1. Using Cα pairs closer than 8 Å and at least 6 residues apart in sequence, work out the relative contact order for the range B:21-168, in percent.
2. Cα axis of helix A:297-306 to longest principal axis of chain A: angle in degrees, 0 to 90, nearest 10?
3. Is there a quick way to get the dipole size of the range A:27-160? I mean about its Cα centre, with the Cβ of Lys and Arg at +1 and of Asp and Glu at -1; what is the value in debye to the nearest 20?
4. Would you list A:Glu207, A:Glu168 from fewest to most Cβ contacts within 10 Å?
5. Helix-only estimate, please: 222 nm mean residue ellipticity of chain B, summing -39500 (n - 2.57) across DSSP H runs of length 4 or more and dividing by its residues, to the nearest 500.
6. Tilt of helix A:267-280 relative to the longest C-alpha principal axis of chain A, in degrees (0 to 90, nearest 10)?
7. For B:Val125, enumerate residues with amide H under 5 Å from its amide H, sequence gap 5+ or separate chain, H modeled in the peptide plane.
8. Do the sum for chain A: with -39,500 (n - 2.57) for every DSSP H run of n ≥ 4, divided by all residues, what is the mean residue ellipticity at 222 nm, to the nearest 500 deg cm²/dmol?
Amino acid sequence: MAQKKNAVIVGGGTSKFGVRQATILDMVQEAAVACAEDIPGLKPADIDGLIIATTMAGRHSSALNTAPLVVHRLGLSPTSICIRLDTLCAGSNSAVIVAKGLVESGIAEVILVTGAEKVYLPQRWETNYTQLAVNDHDWDSAMGLGVPPPFFAMIARMHMKKYGTTKEQMAHVSVTNYNYGTDSPKGHFGGRTLTMKEALEARIIAEPFGLYDCCPLSDGASAIIIASEERAKAMTDRPLVYLRGTGQHATHSMSAGWPGDTLAEWPHLKVAGETAYKNAGLTPKDIDVAQTHDCFTISEIIELEELGFCKKGEGGPFVASGAIGIGGAIPTNTDGGLLVYGHPFGASGARQAIEICKQLQGRALHQVKDAAFGLTHNLSGTCAQHTVVVYGREPVS
Amino acid sequence: MSDYETANIVGTPHLEGTYVSEMDMWPFEAQELNRIYPFYDNLRAGRFTTTKCRDCGHIAFPPQVICPKCWSENLEWVDLPKKAKVVAITETQAGAPLGFPPPLIMAWLTFGEGTPLKHLLGRLVNCKEGEVKEGDEVQFVSFEVPAHPMEIKRDVKECKRVYYAFEPVKK
């Protein structure tokens with residue numbers, strides 16, 4: 001067997017995220033151009049593989065077999081892989097795992113991983129119907145579980161009751177992420193700011209969540225290049241960012257299969273994280289910067305716990321201590337995360353990968369000093385599956 | 001085309017109030033459309049049931065065609081507990097899926113030690129907002145939901161449907 005190669009992320013870019021007057025394929029093209037701006041000289045002919053991650057293409061855009069549509073619009077002619085991938089909110093993060101395996105095995109050399117969603121079509125209210133189909137339609141959805149806030153509100157209440165987490169501590173997450181994300185011009189809420197007072201006095205979405213505890217549902221696309229170390233060196237002079245380890249763990253599709261003692265424990269994330277750390281040859285202490293799935297403020301708090309950045313139950317005081325800010329123990333969601341940059345489901349994982357790539361290359365907008373190891377995480381469904389990728393400036397030796 | 005012009009309904013006008021299946025919010029319950037139809041027949045009889053594996057004894061929920069533990073097809077129908085305790089509750093006024101009139105009340109339910117169903121997200125009905133509190137007991141209830149047309153060979157038949165939720169136990 002041929003010797004295993006190393007896979008790296010070369011760079012990437014996103015379209016403008018938000019409520020967009022554009023089709024899903026329009027936005028994929030915008031993301032591809034942003035990716036090429038980040039990797040000067042990148043041409044369609046350099047790319048031998050394509051993975052497009054999307055969930056809503058088909059329901060909100062008539063684009064079910066999405067990969068050939070992207071091939072045509074981007075002028076690609078893939079020879080190694082050409083697929084659509086759907087794991088809802090973890091779509092393009094899952095695609096990174098697939099791309100890593102294909103590059104390391106020598107099957108592919110240069111893969112474009114792109115994620116995209118167009119949700120607000122044809123009418124805005126219809127997204128609430130579609131949400132019934134992305135959960136377990138015949139069971140939890142038929143109970144009325146559609147948009148996520150009510151479910152995550154129950155998670156927050158249980159975490160508050162069991163561990164004493166407060167609304168103020170949750171507000172620290174949204175304020176920190178706004179401090180980061182206000183400088184992201186392509187973010188859904190780029191340019192906006194948030195104070196603690198505004199966060200705590202916002203209108204209630206689902207008790208205990210105010211408006212700023214919840215991420216928006218966004219239209220948008222992102223694109224990154226995953227390549228072999230050899231090809232990456234030819235494409236860029238920047239430091240290489242290696243894909244060191246991955247983990248993906250799913251336990252159920254509907255509530256009866258929830259693996260925790262209560263909703264405040266996410267043991268399936270712990271397993272995904274430990275798997276990724278083991279494959280990366282690292283521990284949580286080694287990670288310098290993280291992009292975790294902050295669909296709600298409570299999510300980021302629980303993720304910091306289950307990923308081992310603080311003790312279980314101490315996520316609230318941890319975020320309030322400034323640990324997730326620049327200079328803190330684990331700067332998190334340094335581009336604004338889902339809360340501010342926005343959340344076009346399939347596009348979010350690649351958006352996180354772009355930020356970690358920039359951090360480890362020393363060129364992020366909110367740079368973590370000497371960042372050597374980074375982590376991305378997505379949850380998907382009703383917190384049914386967890387996807388973790390660990391990056392580093394050196395490959396696993 | 002006068003109906004088209006005057007129809008005062010939300011959504012795609014020419015569907016005249018009915019919706020394509022991908023936007024339907026209830027399961028395809030008819031015997032012709034799925035293999036776990038006894039679950040729905042049992043709902044009509046007021047029973048809350050699921051499948052148990054005759055080979056390994058595992059009780060799955062939702063009911064299945066095979067046992068998820070040992071992949072045996074040798075299954076039987078068993079009854080589930082009909083009373084549960086509310087651990088956490090959430091009441092949605094705005095943003096509930098269409099067809100679920102607000103307040104949409106959902107709860108995280110536990111079924112007690114030794115029961116095959118450990119916990120479940122359940123909708124609460126027959127109660128007002130604020131009426132049910134954490135720690136309260138609720139009970140299973142079944143009810144009719146909108147019927148759905150289905151194509152069986154060359155005929156279109158109406159699929160009558162039921163579903164279930166939980167309601168307060170009257171003290």
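Computed from the coordinates by the stated procedures, all read-outs in this text should not be read as laboratory data. Just so it is clear, the model here is predicted, and its values are computed rather than measured. Virtual Cβ from ideal backbone geometry, glycine too; neighbours counted across all protein chains shown.
1. Details: 278 pairs, mean separation 30.7, N = 148.
So the answer I get is 21 percent.
2. Taking the Cα atoms of chain A, the angle to A:297-306 is about 70 degrees.
3. Values: 8 positive and 13 negative charges, 54 e Å.
Charge dipole, the range A:27-160, about its Cα centre: 260 debye, nearest 20.
4. Working: A:Glu207 15, A:Glu168 12.
Ascending Cβ contact count within 10 Å gives the list A:Glu168, A:Glu207.
5. Working: 2 runs with 13 residues, N = 171.
Using -39500 (n - 2.57) per qualifying helix, the result is -2000 deg cm²/dmol.
6. 30
7. B:Phe166, B:Glu167
8. Numbers: 13 runs with 137 residues, N = 397.
Calculated from helices alone, the mean residue ellipticity at 222 nm is -10500 deg cm²/dmol.
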